[in-house]
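The values are calculated or read from the model by the stated rules, or taken from the named source; none is laboratory data. Computed from a prediction, not measured in an experiment: that's the story for all the values here. Methodologically, a virtual Cβ is constructed for each residue, glycine included, from the backbone with ideal geometry; neighbour enumeration extends over all protein chains shown.
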Amino acid sequence: MNIIAVGLNHRTAPVDVRDRVTVSTDRLEEALGALRDHTGNGVILSTCNRSEVYSQVASIQEGVDAILSFMRAYHGIDRQELTPYLYMYEQEEAVSHLFRVACSLDSMILGESQILGQVRRAFGAAGRHDMCNGSLSRLFNQALRVGKRARTDTSIGRNALSVSNAAVQLARRVFPEFSGRRVLVLGLGDAGKLAARALSNAGARNIMVVNRTYQRAVDTAAELGGTPVPFDRLADALDSADIIVASTGSPGYILTPEMPSLAARDTARPLFIIDIAVPRDVDPAVGHLPGLHLYDIDDLEAVSGTNRREREQEAAKVEAIVADEAPSFMHWLASRESVPTVAALRQRAETIRAKELARLVRRLPNLSDEQRAPLEAFSRALVNKLLHAPITTLKRNHHPAQTEVVRELFDLDGQQS
């Protein structure tokens, strides 16, 4: 069996493409059900910066085609539109990629801590749907362990900017001070709530929370020390807001340039909007309105540039951890693949041994049980001696080509006499 990964991220695809293939948390179970129809197993890792599918397949090409078929059918996007932005990894490359993701080496903001929890949730969801068993389950368990090791053994996460803190830095470009500013939290995505907390910690005290489910807005407002606002009063909240954090996960735009609350703004009363959602909550045309400063998830990379440069030395240490852990997993995977061959080889040898011993005994009808016992012991010892070298080599090297040669040499698939 082979491990593959197919996906796209902030390096390979613009946000408008990522919008089209993201899987929100509330649609993850539905997406896993659709994936099952194409591959039978797999883990979907979808965040604001990436959408990836990991799977264990017998044929790499057939597995990649199955995942592409899932993406095309589920997201309603032509394969030709999607393919230019995709990366496809197999075997150790796929393993290394997942480990790098779990360690935040592949994140927009190097060292950010949220990705490990996102990997854990993706793994857990796939497990609950019986979509992640055997080697794939082992892979994700090890990825979580590698991610923890990276944060324990290096300083990759120490003082690292998070997406939320990067949003605060962007907001300071418009409002150097947050005291007295009214913050509107639109939607209750994890990144949005974290950004609201970061703004609060930076001095913002007047926080409004709007959500389609009002009780959730009430609960989150209590956590943030803010005020819940019913969704049907969004226009009023927009009128009074200075900073908007949008993270609803809605499939369409929530804020558009035609909305009077936005169109009426001017440069004398600026409005900062950070759209953390993927797909986006805010029509990009809003950014062209007077007095409006619109940023999306891709704009955070500019903020994280300095932070990334400061962390490159720690990143090199984490890369060394990945370089150590990925071959270790592949060694385990190959050893697991060699187990059926070792068992078949032993069974083949035992069948031949028992058959030839029985033939010898038939030629010696007067042989007593006491006389037969040494022959039995001798035949077993001889077989064990002959099998020792090939079995030891199979267990030690775990090379697929070597396993195939052994199966062919000993006719393990034909099982001829």
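Name every residue in the stretch 250-278 that is under 32 Å from the mean Cα position of the chain (by Cα) and either at pLDDT 90 or above or crowded, with 20+ Cβ neighbours inside 10 Å (or both), in order of residue number.
Those that are under 32 Å from the mean Cα position of the chain (by Cα) and either at pLDDT 90 or above or crowded, with 20+ Cβ neighbours inside 10 Å (or both): Tyr253, Ile254, Leu255, Thr256, Phe272, Ile273, Ile274, Asp275, Ile276, Ala277, Val278.
Filter the stretch 315-362 down to the residues that are under 21 Å from the mean Cα position of the chain (by Cα) and polar (S, T, N, Q) and list them by number.
The answer is Ser328, and nothing else.
Give all pairs with beta carbons closer than 8 Å in which a residue from the stretch 372-385 that is under 15 Å from Glu356 (Cα atoms) meets a residue that is charged (D, E, K, R) and loosely packed, with under 14 Cβ neighbours inside 10 Å; count only pairs at least 6 apart in sequence or on separate chains.
So the pair list comes out as Ser379/Glu356.
Looking at (1) surrounded by 13 or more Cβ atoms within 10 Å (Cβ to Cβ); (2) part of a helix (DSSP H, G or I), can you tell me which one Leu367 breaks?
(2)
Which condition number in (1) farther than 30 Å from Gly134 by Cα; (2) in a helix (DSSP H, G or I); (3) of a type outside the set (Ser, Thr, Tyr) is the one that Ala344 fails?
It is condition (1) that Ala344 fails.
Only one of (1) under 14 Å from the mean Cα position of the chain (by Cα); (2) surrounded by fewer than 18 Cβ atoms within 10 Å (Cβ to Cβ); (3) of a type outside the set (S, T, N, Q) is not met by Leu8, so which one is it?
Evaluating Leu8 over (1) under 14 Å from the mean Cα position of the chain (by Cα); (2) surrounded by fewer than 18 Cβ atoms within 10 Å (Cβ to Cβ); (3) of a type outside the set (S, T, N, Q) leaves (2) as the failure.
Just for the stretch 232-249: of the residues that are touching a residue at least 40 places away in the same chain (Cβ under 8 Å) and of a type in the set (A, V, I, L, M, F, W, C), which one is surrounded by the most Cβ atoms within 10 Å (Cβ to Cβ)?
Looking at residues that are touching a residue at least 40 places away in the same chain (Cβ under 8 Å) and of a type in the set (A, V, I, L, M, F, W, C), I get Val245.
Just need a number here: residues in the stretch 194-227 that are assigned to a helix (DSSP H, G or I) and either aliphatic (A, V, I, L, M) or farther than 21 Å from Ser179 by Cβ (or both).
15
Could you please tell me which pairs satisfy a Cβ distance under 6 Å, a separation of 6+ or placement on different chains, a first residue in the stretch 8-25 that is in the same structural domain as Asp298 (by TED's automatic domain parsing), and a second residue that is hydrophobic (A, V, I, L, M, F, W, C) and at pLDDT 90 or above?
none
What pairs can you find where one residue is in the stretch 126-155 and β-branched (Val, Ile, Thr), the other is part of a helix (DSSP H, G or I) and surrounded by fewer than 17 Cβ atoms within 10 Å (Cβ to Cβ), and their Cβ atoms are less than 6 Å apart, with a gap of 6+ or different chains?
Final answer for the pair search is Thr154/Lys317.
Leu110 - would you say it is more than 23 Å from Asp19 (Cβ to Cβ), buried (at least 17 other Cβ atoms within 10 Å of the Cβ) and within 11 Å of the chain's Cα centre (by Cα)?
When the stated conditions are applied, Leu110 does not pass them.
Go through (1) free of Cβ contacts under 8 Å to residues at least 12 places away in the same chain; (2) within 17 Å of the chain's Cα centre (by Cα) for Gln80 and report which single condition fails.
The one condition Gln80 does not meet is (2).
For residues in the stretch 144-175 being closer than 18 Å to Ala241 by Cβ and modelled with pLDDT of 85 or more, which is surrounded by the most Cβ atoms within 10 Å (Cβ to Cβ)?
Ala171
Sort through Val229, Val218, Val183 and tell me the only one that's surrounded by fewer than 20 Cβ atoms within 10 Å (Cβ to Cβ), aliphatic (A, V, I, L, M) and at pLDDT 90 or above.
One residue alone meets the criteria, Val218.
Taking the criterion of being over 30 Å from Val57 (Cα atoms) and aliphatic (A, V, I, L, M), would at least one residue in the stretch 147-156 satisfy it?
yes
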